[in-house]
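Following: one structure in structure tokens, then a few remarks.
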Amino acid sequence: DYYAPLCQETTYADGIRYDRDVEVPLSGGRKVYIDVYRPEDKLENLPVIMMWTPYGKRHWYGVKEAPGLHQAIGVPRGTISKRACFEGADAGYWCHQGYCVVNVEAPGTGNSTGMNSFMFMKEGGQDGKEVVDWIGEQPWCNGNVGMAGNSGLAMVQWMIAAAKPEHLRCIAPWEGTSDLYRESVCVGGIPSPAFAELIWYDFRGEGVQPNVPEMARRYPYFNSFWDNMRCELENIRIPVYVCAGYSHFHLRGSMEGFRRIKS
């Protein structure tokens, strides 16, 4: 319930231009909404850092209504601006380094239409390809798009990069599972849907949200459903900055990504 209502407007603050809820068309008559942040003194021909998120591109909306919800864990208060989506690069910093920052509301979340294929389905990679290439053709972009983000926002980078968008130049997946079955819901062959049950409640929007924990109960063994949630890492041929932490279920995906990408 806690996602910002649609509000298409342009504002200026702290030397940054903010274009909110820019509509981007997708195949099948769907549409996603993006927030675009640019340095006020240079509005065109910029390299873009893109985040693809189901957690709300204005992530901090609703915090007052639900105290304690979605805090920036492990980061001192005040070091991240409210321009940052959860687990993504902070436009409050990167715009002052000469970048345009784009936060994308994944299909089926927030006001974006369709089904949420975020971070696990190969369809999400194709959707991301469409958006990357749309951004690459805008006058405020110089044709070069990179992606960044941690955890969930890293997982989707594998999928989008594997779809080979024309304008995607590089990605920076910090701790990113690349095979949902083997690395998340059935780690080491042991069913472990608890974290999936937790994180799925954090997706915000009115679109269809796949119930992965329930699918793990229905299909405990690897099949075509789970194969659709496994990234073809060998398709990735652009520069990748991989970061791995020796904990949690992202470790294997990060290592497999580093080992198997062709760049």
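The values are calculated or read from the model by the stated rules, or taken from the named source; none is laboratory data. Model, not experiment: these values are computed from the prediction. Heads up, the Cβs are rebuilt from the backbone with ideal geometry, glycines too, and the neighbour counts pull from every protein chain shown. SASA here: full protein model, heavy atoms, side chains in, ligands and nucleic acids out. Shrake-Rupley method; radii C 1.70, N 1.55, O 1.52, S 1.80 Å.
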Please specify each residue of the stretch 216-258 satisfying the condition of being surrounded by fewer than 19 Cβ atoms within 10 Å (Cβ to Cβ), more than 22 Å from the chain's Cα centre (by Cα) and part of a helix (DSSP H, G or I).
Arg217, Arg218, Ser224
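Output the residue which, of all residues in the stretch 165-187 that are assigned to a loop (DSSP other than H, G, I, E, B) and within 16 Å of the chain's Cα centre (by Cα), is farthest from Val242 (Cα to Cα). Please lay out each step first, then the result.
Within the stretch 165-187, the subset assigned to a loop (DSSP other than H, G, I, E, B) is 165-167, 175-178, 186.
Restricting the remaining residues to those that are within 16 Å of the chain's Cα centre (by Cα) gives 165, 175-178.
On the way: Pro165: 19, Glu175: 7, Gly176: 9, Thr177: 12, Ser178: 12 Å.
Per the criteria, the residue is Pro165.
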Of all residues in the stretch 150-164 being open to solvent by 10 Å² or more (accessible area, probe 1.4 Å) and not aliphatic (A, V, I, L, M), which is farthest from Arg182 (Cα to Cα)?
Lys164
Condition first: open to solvent by less than 10 Å² (accessible area, probe 1.4 Å), within 22 Å of Asn228 (Cα to Cα) and either of a type outside the set (Asp, Glu) or not in a helix (DSSP H, G or I) (or both). Can you find one or more residues in the stretch 131-141 that meet it?
yes
Check on Phe203, open to solvent by 30 Å² or more (accessible area, probe 1.4 Å) and either without any contact (Cβ under 8 Å) to a residue 40 or more places away in the chain or of a type in the set (Phe, Trp, Tyr) (or both)
no
Could you grab me the full set of residues in the stretch 117-161 that are small (Gly, Ala, Ser) and either within 22 Å of Ile199 (Cβ to Cβ) or within 14 Å of the chain's Cα centre (by Cα) (or both)?
Ser117, Gly124, Gly125, Gly128, Gly146, Ala148, Gly149, Ser151, Gly152, Ala154, Ala161
